[in-house]
Amino acid sequence: QLQLVESGGGLVQPGGSLRVSCAASGFTLDSYAIAWFRQAPGKEREGVSCISRRDDSSYYKDSVKGRFTISRDNAKNTVYLQMNNLQPEDTALYYCAAARGCSRSSVDFGSWGQGTQVTVSG
């Protein structure tokens, strides 16, 4: 059974950094593409980043390029999203999700975590 658990969210000031984690159980994480999505209250869920299986190719939403980095630690069966220079517009509930391959659409992901809250406020 596929299960994903996010952690590492919190409250930071603008310009600060956080690293959120996505821990997998019930499957080998590197057998799947893992994506990060986020959703703010009253807004649509949007794709933030994705890392492909095996070759570790990575993809990013334009607004986070140069600030966010996705990575995978196979020994810990965990995917990370390092978020630097955080801005108020990054405030959202961050979810990780698993699929056969990377996609910009949440519809293509069948397994989801419950999310971790990231709040950026001065």
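The values are calculated or read from the model by the stated rules, or taken from the named source; none is laboratory data. Everything quoted here is computed from the prediction, not taken from an experiment. All Cβ positions, glycine included, derive from the backbone under ideal geometry; neighbour counts span all protein chains shown. Keep in mind that these areas ignore ligands, DNA and RNA; they rest on the heavy atoms of the full protein, side chains included. Shrake-Rupley method; radii C 1.70, N 1.55, O 1.52, S 1.80 Å.
Any idea which residue in the stretch 5-20 is nearest to Glu89 (Cα to Cα), counting only those that are open to solvent by less than 30 Å² (accessible area, probe 1.4 Å) and under 11 Å from the mean Cα position of the chain (by Cα)?
Among them, the one singled out is Val20.
Tell me, yes or no, whether the stretch 79-86 has at least one residue that is within 20 Å of Ser105 (Cα to Cα) and loosely packed, with under 13 Cβ neighbours inside 10 Å.
Looking for residues that are within 20 Å of Ser105 (Cα to Cα) and loosely packed, with under 13 Cβ neighbours inside 10 Å, one finds none in the stretch 79-86, hence no.
So which pairs qualify, if the first residue must be in the stretch 21-47 and over 11 Å from Ala97 (Cα atoms) and open to solvent by less than 40 Å² (accessible area, probe 1.4 Å), the second must be of a type in the set (Gly, Ala, Ser) and part of a loop (DSSP other than H, G, I, E, B), the Cβ gap must be under 6 Å, and the two must be at least 6 apart or on different chains?
Correct list of pairs: Ser21/Gly8.
Can you name every one of the strands (runs of 3 or more DSSP E) wholly within the stretch 37-86 that holds 2 or more residues which are under 10 Å from the mean Cα position of the chain (by Cα) and on the phi > 0 side of the Ramachandran plot?
none
Quick one: is Ala24 over 18 Å from Pro88 (Cβ atoms), assigned to a strand (DSSP E or B), modelled with pLDDT of 95 or more and within 15 Å of the chain's Cα centre (by Cα)?
It is false that Ala24 is over 18 Å from Pro88 (Cβ atoms), assigned to a strand (DSSP E or B), modelled with pLDDT of 95 or more and within 15 Å of the chain's Cα centre (by Cα).
Exactly one of (1) in contact with a Cys (Cβ under 9 Å, 6 or more places away or on another chain); (2) surrounded by 18 or more Cβ atoms within 10 Å (Cβ to Cβ) is unmet by Arg104. Its number?
(2)
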